[in-house]
Amino acid sequence: MSVLAVSPEVAAALATGRPVVALESAITTHGLPPPHHLETARAMETAVREAGAVPATVAILDGVARVGLSADQLRRLADHPAREKASVRDLARLVALGGTAGTTVAATLRIAHRAGIRVMATGGIGGVHRGAAGDLDISADLAELVRSPLVVVCSGIKAVLDVPRTLELLETLGIPVLGLGTDRLPGFYLRALPHPVPRLADPAAAVRLVRAQAAWGWPTGLLLTVPPPADLALDPAEFEALLAAALAEARRCGVRGPEETPFLLAQLASASGGRTVALNRALAVANARIAGTLAAALAVAP
Ligand code: PSU
Ligand code: MN
């Protein structure tokens with residue numbers, strides 16, 4: 001039974017060794033409000049193309065795991081009334097029962113790896129939730145990075161999470177975390193957190209690192225982190241105040257599990273007057289462009 005439907009354009013690119021970038025779709029179905037959700041998904045695809053690679057947006061549509069969506073399919077996904085947020089554990093159920101879902105970083109990694117894609121882009125990965133010592137709410141994004149050896153271009157770990165504990169877990173799992181043009185971990189909405197990361201000067205250095213990682217024969221994913229655009233990034237003190245209010249509201253409403261990240265992002269969007277939405281869009285598109293550049297460089301024989 002074939003569970004993957006790869007679009008003709010993506011299949012042709014993969015068959016001939018041309019660069020492909022996987023894009024996740026939970027940011028579209030659950031991360032951003034309309035109309036920004038669809039507009040951002042399109043802008044990410046365009047950025048990948050402008051960088052010389054083929055975009056492969058991943059999603060589950062009517063029980064079919066798709067790699068590369070048509071414009072119609074992307075629109076259907078974005079506004080589907082019963083759209084779910086698919087993590088890895090949900091994939092078999094959605095295929096068996098005919099569901100429609102945006103795929104998280106974890107689910108996108110799994111599907112993109114099956115299709116033979118080496119690079120993906122997102123805004124910020126999931127991780128250890130604040131308070132996870134109590135309920136063990138830790139994103140499957142971390143576990144999947146162990147199994148699916150893609151480069152994930154992102155602006156770090158979503159800052160609504162427990163970043164120091166997420167970094168500890170990434171270290172335990174053996175997942176490299178690098179900074180592109182930065183020696184401090186980007187904080188999704190923040191330019192730089194106090195946590196140091198090894199700095200890569202440019203995409204060429206990232207290509208060397210990706211090749212070295214593959215050459216070990218111990219394939220794991222790795223995080224290539226990129227600071228969010230300086231003109232839109234939030235001030236750390238302002239962010240902490242916004243986040244404290246959002247976390248308090250989440251506790252008050254009893255929101256936990258897969259709903260927590262979308263809930264917090266929505267709270268921050270309204271409390272910031274939409275500034276976090278503009279920022280999230282800008283960083284996701286910038287990351288897609290860098291992923292395209294990296295995929296194009298990786299596609300050239302060493
Ligand atoms: N990046 C964004 N916005 C998002 C996400 C990433 O800019 O909404 C999504 C990704 O799909 C990621 C998910 O996998 O948030 C993490 O959710 P959770 O903590 O429930 O694993
Ligand atoms: Mn989570």
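Residues that are free of Cβ contacts under 8 Å to residues at least 24 places away in the same chain, closer than 23 Å to A26 by Cα, part of a helix (DSSP H, G or I) and not small (G, A, S) are absent from region 274-288.
The residue list R75, R89 contains one member that is more than 14 Å from E24 (Cα to Cα) and either within 13 Å of ligand 2 (Cβ to nearest atom) or of a type in the set (A, V, I, L, M) (or both), which is R89. Looking at this structure, is T46 in contact with a His (Cβ under 8 Å, 6 or more places away or on another chain) and not in a loop (DSSP other than H, G, I, E, B)? So T46 does not fit the description; no.
The set of residues from region 97-121 being among the hydrophobic types (A, V, I, L, M, F, W, C), in contact with a helix residue (DSSP H, G or I) (Cβ under 8 Å, 6 or more places away or on another chain) and away from ligand 2 (no atom under 16 Å from the Cβ) comprises I111, A115, I117, V119, M120, A121. Between a first residue in region 120-147 that is more than 22 Å from Y189 (Cα to Cα) and a second residue that is more than 8 Å from ligand 2 (Cβ to nearest atom) and of a type in the set (S, T, N, Q), which pairs have beta carbons less than 6 Å apart while being 6 or more apart in sequence or on different chains? Every condition considered, the pairs that remain are V146/T220.
Being surrounded by 16 or more Cβ atoms within 10 Å (Cβ to Cβ), under 26 Å from A140 (Cβ atoms), without any contact (Cβ under 8 Å) to a residue 40 or more places away in the chain and of a type outside the set (K, R): is that true of F263 here? Criteria met by F263. Does L69 qualify as being at pLDDT 95 or above and more than 23 Å from L265 (Cα to Cα)? Taking the combined requirement at face value, the residue satisfies it. So is A250 under 23 Å from the mean Cα position of the chain (by Cα), over 21 Å from L145 (Cα atoms) and open to solvent by less than 20 Å² (accessible area, probe 1.4 Å) or not? It is true that A250 is under 23 Å from the mean Cα position of the chain (by Cα), over 21 Å from L145 (Cα atoms) and open to solvent by less than 20 Å² (accessible area, probe 1.4 Å). Pairs are defined by a Cβ separation below 7 Å, a sequence spacing of at least 6 or placement on different chains, a first member in region 15-41 that is within 16 Å of T100 (Cβ to Cβ), and a second member that is outside any helix (DSSP H, G or I) and open to solvent by 10 Å² or more (accessible area, probe 1.4 Å); the pairs so defined are E24/T104; A26/K85; A26/T104; T29/R83; T29/K85; H30/K85. Just so you know, in region 205-214 the residues that are among the hydrophobic types (A, V, I, L, M, F, W, C) and surrounded by 11 or more Cβ atoms within 10 Å (Cβ to Cβ) include one that is modelled with the lowest pLDDT, and it is A214. Checking each residue in region 267-288 for being under 17 Å from L38 (Cα atoms) and open to solvent by 60 Å² or more (accessible area, probe 1.4 Å) picks out only R281. Within region 93-137, the set of residues being in contact with a Gly (Cβ under 7 Å, 6 or more places away or on another chain), of a type in the set (V, I, T) and near ligand 1 (Cβ under 9 Å from one of its atoms) comprises T104, V105.
With respect to the conditions (1) closer than 17 Å to R281 by Cα; (2) touching a Leu at 6+ places or on another chain (Cβ under 9 Å); (3) open to solvent by less than 20 Å² (accessible area, probe 1.4 Å), A43 lacks only one, and its number is (2).
The values are calculated or read from the model by the stated rules, or taken from the named source; none is laboratory data. Computed from a prediction, not measured in an experiment: that's the story for all the values here. Every residue, glycine among them, receives a Cβ derived from its backbone with ideal geometry; neighbour counts consider all protein chains shown. For the accessible areas, the whole protein counts, side chains as well, though only heavy atoms, and no ligand, DNA or RNA atoms are used. Shrake-Rupley method; radii C 1.70, N 1.55, O 1.52, S 1.80 Å.
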